[in-house]
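One structure is given below, encoded as structure tokens.
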Amino acid sequence: MPPELVKYIHIVWFKRDLRLRDYEPLAHALKFAAEAGHSVLLLHIFEPSNLQHPTTANRHLQFRWQAWASMQKEVTELGWPLSIEAVQADALDCFEWLSEECAIHGIYSYKETALRHT
């Protein structure tokens, strides 16, 4: 990809904590992206291994989807110049694809501490 077409992004990877307010990884991404003139992508990944895990119930998935939809609506209403995407894929595959399409300058997230498989 020619350098002039490269999209420089900072990714905020939302796992289980789906909120905008008082979310330190988001604050860091916004700060560093603004300083560099880069874009910010808010990302939530529904991983097949997690979706199929015995500890994952439909009510958990419904909650996650509703929380994500609420965040998407809030970002739109606030008029923030951010991209927001939810995907169903393996996290490594998702980040590999993103790295082929964009120049990733940072990935921001809280450390997952829930279950070993996540």
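Per-structure values
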{"read-out": "Gain upon complete extension [Glu35, Asp93; 0.36 nm per residue less C-alpha separation]", "value": "18.0 nm"}
{"read-out": "Table column - 3J(HN,Hα) (Hz), the stretch 30-37, Karplus curve with 6.51, -1.76, 1.60, x for Gly and Pro", "value": "4, 5, 5, 5, 5, 4, 9, x"}
{"read-out": "Phe46/His105 FRET efficiency (R0 22 Å; Cβ-Cβ; nearest 0.05)", "value": "0.35"}
{"read-out": "Under 24 Å from the Cα of Lys111 - lysines, other chains or at least 8 residues apart", "value": "Lys15, Lys31"}
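Values in this text are rule-based calculations from the coordinates and carry no lab data. Predicted model only: the values in this text are computed from it and were never measured. Neighbour counts run over all protein chains shown; Cβ positions are idealised from the backbone, glycine included.
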